[in-house]
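Taking it in order: structure first as structure tokens, then the write-up.
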Amino acid sequence: MDAVLNAHPGVWLAVHLAGIILAVSSRNHLKPVCAVCTSFLLSITMGVVAVIAVVGFLSQQSFWAASGCTLGLMAVVVCIERTGFEPDRLLQSIAQGDDIHR
């Protein structure tokens, strides 16, 4: 808990910005390896932002609201339907053994 409270504000700003960038980039049509890496990094970043928000709230610091808003924004962006992504076509091509890079 002390590590979160004593960290430089630039570190938390970088973590929050990285989370937003990862959330937005996860909505793009990525290759499977990139999508897995982005989703994994996004999960870790969301967890870190959630820990920051909880620690800030419990210690009655002012940054908990910003962390909560960032976490909410990340959740909303992740829930938005991807553009240019057709999961049914992708699943059908995998099931049929077709080349998915058409």
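The values are calculated or read from the model by the stated rules, or taken from the named source; none is laboratory data. Predicted, not measured: the structure shown is a model, and the values here were computed from it. When we count neighbours, we look across all protein chains shown, and the Cβ atoms used for this are built from the backbone with ideal geometry, even at glycine. Calculation scope for accessible area: heavy atoms of the full protein, side chains included, ligands and nucleic acids excluded. Shrake-Rupley method; radii C 1.70, N 1.55, O 1.52, S 1.80 Å.
Which ³J(HN,Hα) values in Hz, rounded to whole numbers, follow from the phi angles of segment 53-70 under the Karplus curve 6.51 cos²θ - 1.76 cosθ + 1.60, where θ = phi - 60° and Gly and Pro get x?
Working through the residues one at a time gives 5, 5, 5, x, 5, 5, 8, 6, 8, 7, 6, 5, 5, 5, 5, x, 5, 5 Hz.
Keeping all protein chains in position, work out how much accessible area LEU58 exposes to a 1.4 Å probe, and write it in Å² to the nearest 10.
120
I need the calculated FRET efficiency for the pair ALA65 and SER43, taking r as the beta carbon distance and R₀ as 25 Å, to the nearest 0.05.
About 0.65, to the nearest 0.05.
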